Structures are given as C-alpha cells and as structure tokens.
Amino acid sequence: KMTLLLALAALVSAFGSSFQYGYNVSVINSPAPYMQDFYNRTYLDRTGAPMDSGFQTLLWSLTVSMFPLGGLFGSLLVWPMVNNCGRKGTLLINNLFSIAAAILMGTSELAKTFEVIILSRVVMGIFAAALGSQLPWAHNSTPLGSQQLPWGSQQLPWAHNNSPGAHNNSPGLTTQLPWAHNNSPGLTTTPWGSQLPWAHNSPCSPPALQRLRGREDVDDEIQEMYQEDQSEKEEGQFSVLSLFTFRGLRWQLISIIVMMAGQQLSGVNAVFYYADRIFESAGVPSSSIQYVTVSIGAINVVMTLLAVFIVESLGRRILLLAGFVLCSASCAILTLALNLQTTVSWMSYLSIVCVIAYIIGHAIGPSPIPAVMITEMFLQSSRPAAFMVGGSVHWLSNFTVGLVFLYMEAGLGPYSFLIFCAICVTTMLYIFFIVPETKNKTFMEINRIMAKRNKVEIQESKELTDSYPLQKQEEKKVLSSSE
C-alpha cells in the first residue's frame, strides 16, 4: 500500500537530488557561445593576444568535464559521510557545496576569471555526487513491488532537466551572463529546502514502518529486516577494499562496475552536452534548433514516465537489454546518416531520428536502472561501499567522455559514435549472460542467485529465525491458525 507520507517523502527527496544532477549536466550547453566569448575576452585582457583555438578547446573541455570530476570526488565522500552523519545528515550538509558553487559561478564575471567557473563546476559535481546517499534511503522506505515510486521520482526531474530543451535556448531569453543566472543560489537550493520537513532516516522500528505503510501488519517486512541484520552481523561492515576482496559479492560488484561504465561510456552525455552541435551538423537551421531540442526534451520525459509504469511488469533486465540494443543501433545508423547527409538530402532527418531513438533507449533502461540495482544486489552492510564504487565508476566515465569527446569528434568525425556503439553492444552482452532479474526479489533471494556464480554457499542458519522476536513469532502462529 502506498501511503501519502511515503509518496511525499520519496517524491520530494528524489526531486531535489535528480533536479540538481540533470540540470547541471546539460545547463552548460545553451550558454556555451557566451561563456566561450567571455573566456576569449578575459584572456585577451590578460595577455593582449587572442586565445588559440586549441587552448580554447581544452578550456571548454575542462569546463564540461570538471562537473563529473567533482562528482568523482563527491562519490568518494558518500561512504564516510553516510556512516558518520547518516543519510539525512548527508542530504542537509551537502547543501553547503551547492551554495558555494552558485556563489562562485555568479561572481565569475565580476572577478574576471574563467578559472572560477571551472572551480564552481568541480564543487557542484561534489554536491551532485554526494546525493547518491539519497537513493537507497528512498528505496529502503518503499515496500517490495512498489520500487517504481522512488525510481520514477528519481528519474523524472533528471529527464526534464537533462534535456537540452529544458533550458534557455532562445537568444531572446538568454542574458548576457546566462551561467550566472542558471546557477543562482535560489535555483540550486530551493528543491533542497522543500526536503527539510520530510527528511528522516529509514524506518528502523515497527511503529515507524507502520506509519509509512499505513497498516498494522508489517511482520513480514520486520522479519526480513531481522534476517538481513543477522546476515550483516555475520559479514561485518564492508569497506571498499574488503568489498573488492570478498568472494561472495564478486559478481555483484563486477556487474555494477560494467553497468555503470556502460551507462556513461555509451555516449549519453556526449549527446546531451553537444546536442546543438549534432543538430547543426545534421543541417538543422540555427533558428530551428531550439524547437527540436524542446521536442526531444518532451520525448525524454514521456519515455521516463512510461518506464515508471512498466518497470515492475517487464523487469529491470528486459528494460536494460532493450535500452542498450536501441542505443547501439541508433549510434550505428547515426554514423551512416552523418556521413551521407552531404550527398543524400533526407539523411539529416534520419540523424535527428537516431538521436531521438538513442534518448528513448537510454531513458527506459541504461540511464536509471543501474543505480537502482545497487540497492537490490547489496545488503546494508555492503551497500555504502558499493555505492562508492559505482559512483566512482559513473563519474570517472562521465569525466572521460566530457573531456575527450571534442577531440574524438575532431579526429574521427561521425565515426566517433561507432565507439559508443561497440560499448553499448559489449554492455548488452554482459547483461544478457550475467545479470539476473531482480524484480520482486528480496535481498536474500538475490544473494542466493548470485551465490551460485560466485561459487559460495549461503548457510540457512536457524539464527535467522531465532533472531526474530519470539512474541512476534507467536503472533504469526496465532494469525495462521485463525485463518
């Protein structure tokens, strides 16, 4: 049963986190010409000579990629912050990074320094990555079979704000300093202010769980918590090093690394970062690009909504496979279309269709599901370390694409998308042969499935039952006999 309290808590918390991540991934796209002009003017004032085109490419690549680099640093902070401050404390303390980044970005023109812009992107990346502590909180608070609520609420603001059309693409709406406007403290902190009334730690007692569920009978879930707690006590709290050396979680860890790397190295942020350039090279008039990007943004939101409703019926694995198949096919056909658009007039339209198909494929599976599967494949004892590893891979891959894509495009041209195609195919094959379906399965059930591949045995200990309060066991027996 989905209660109003649980729905509000999950929606508000997820909206605040994914809003910031999606917004800052693609907000750099629209004001790019103005920011590059600011770089040129600042450099000219300092040196008396215009900026070299190669140096400008390097600076802009750094501006784009510093956000995921900061994300890498932030993902390394998640584990110690969650363990020391709790998820609620991490959510609230993390606002300081957002405010600092907004102030740095907003004062960059006054200071006449583009280095401050690059620094602010690093700080904002730290803020966005530390939000990784929020997703397991929302997932842990949601009953089995209803995980589409935190999953969907996490992805909808991300889909909207990560869409190129979600920002000011119209010259008439763009201010002289669009980056200062787009990163104002009010915009970056308002979603988090709305979380304060709802932020709390995951339920750890029957009364708290009953309040979230809206019913008295929560014995099955309490028993599962005791079983998981007993398993955690036997395993102990995992560090990142112990997670890498523990055989019982070997293939779970490899799967998360592969899916997180495939998610970013598949080229999704290359499409979002440089969407306008892709459309321009496809022959779309500059006056019409804003309308194309707005339409694609709407498609992204609609497909994410659709995925929310079908993920529990089709399962995570099917959506992942379908998404990567669509992404790989789109990259391959996009390469062909971009190469032939000068000789075949309708190829420019085919390239736009390929971009749309790619965004649809990524929205239904590769984009949202890998992070959710971390919460489903790891117990509480190993989950913070798993999020730390998965987040590090995610942001490092994101940083790599943002840094090298401009050079790939200059050296390989349209053929650069073949690299993304190969990565999508490789990730799809791994998921097909290795990753199990986790839909409607408890942590212990998934652990048993992966134990066969890890070549370890899970002992069905009598303590798992004995650790459940005797009074509750007797209540269960009475209820069973009365039926």
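Could you give the C-alpha radius of gyration of region 238-458 expressed as a fraction of 2.2 N^0.38 Å, taking N as the number of residues it contains?
In units of the globular-protein estimate, region 238-458 measures up at 1.10.
May I ask you to evaluate 6.51 cos²θ - 1.76 cosθ + 1.60, the Karplus curve with θ = phi - 60°, for each residue of region 42-54 and list the ³J(HN,Hα) values in order in whole Hz, giving x for glycine and proline?
Working through the residues one at a time gives 5, 5, 5, 5, 7, 10, x, 10, x, 6, 5, 4, x Hz.
If packing is taken as the mean number of other Cβ atoms within 10 Å per residue, what is the order of 84-97, 116-129, highest first?
116-129, 84-97
Please give me the summed charge of the neighbours of L104: other residues whose Cβ is under 13 Å from its Cβ, Lys and Arg +1, Asp and Glu -1. If you can, show how the numbers build up before the last one.
Details: positive: R121; negative: E109, E115.
Once positives and negatives cancel, what remains is -1.
Residue by residue through region 365-377, which ³J(HN,Hα) values in whole Hz follow from phi under the Karplus form 6.51 cos²θ - 1.76 cosθ + 1.60 (θ = phi - 60°), with glycine and proline marked x?
Once rounded to whole Hz, the list reads x, x, 6, x, 6, x, 5, 5, 5, 4, 5, 9, 9.
Work out, step by step, the length gained on full extension between T57 and N40: first 0.36 nm times the residue separation, then minus their alpha carbon distance; give nm to one decimal.
This chain segment gains 5.0 nm when fully extended.
Using heavy-atom solvent-accessible surface (probe 1.4 Å) with all chains present, what is the largest-first order of T335, T343?
From most accessible down to least: T343, T335.
Note down the net charge around I364, summing +1 for each Lys or Arg and -1 for each Asp or Glu among other residues with Cβ under 14 Å from its Cβ.
Local net charge: +1.
Working from the pairwise distances between different alpha carbons, so that the mean of 1/r is found and then inverted, what is region 368-440's Kirkwood radius in Å?
14.5
Sort L340, L69 by accessible area with a 1.4 Å probe, largest first.
Final ranking, largest accessible area leading: L340, L69.
So how much accessible area does K112 have, in Å² to the nearest 10, using a 1.4 Å probe?
The accessible area of K112 comes to roughly 140 Å².
Using a 1.4 Å probe and ignoring any ligands, DNA or RNA, find the accessible area of L8 and quote it in Å² to the nearest 10.
L8 has an accessible surface of roughly 60 Å² with all protein chains in place.
Based on alpha-carbon centroids, what's the gap between region 274-323 and region 384-429 in Å, whole number please?
18
Taking region 43-113, how much of its Cα-Cα pair set, in percent, is spaced more than 20 angstrom apart?
Working: 1262 of 2485 pairs.
Tail fraction, whole percent: 51.
The values are calculated or read from the model by the stated rules, or taken from the named source; none is laboratory data. What you see is a predicted model, and the numbers here were worked out from it, not measured in a lab. Using ideal geometry, Cβ is built from the backbone for each residue, glycine included, and neighbour counts are taken over all protein chains shown. Side chains are part of the model used for accessible areas, which takes the heavy atoms of the whole protein and leaves out ligands, DNA and RNA. Shrake-Rupley method; radii C 1.70, N 1.55, O 1.52, S 1.80 Å.
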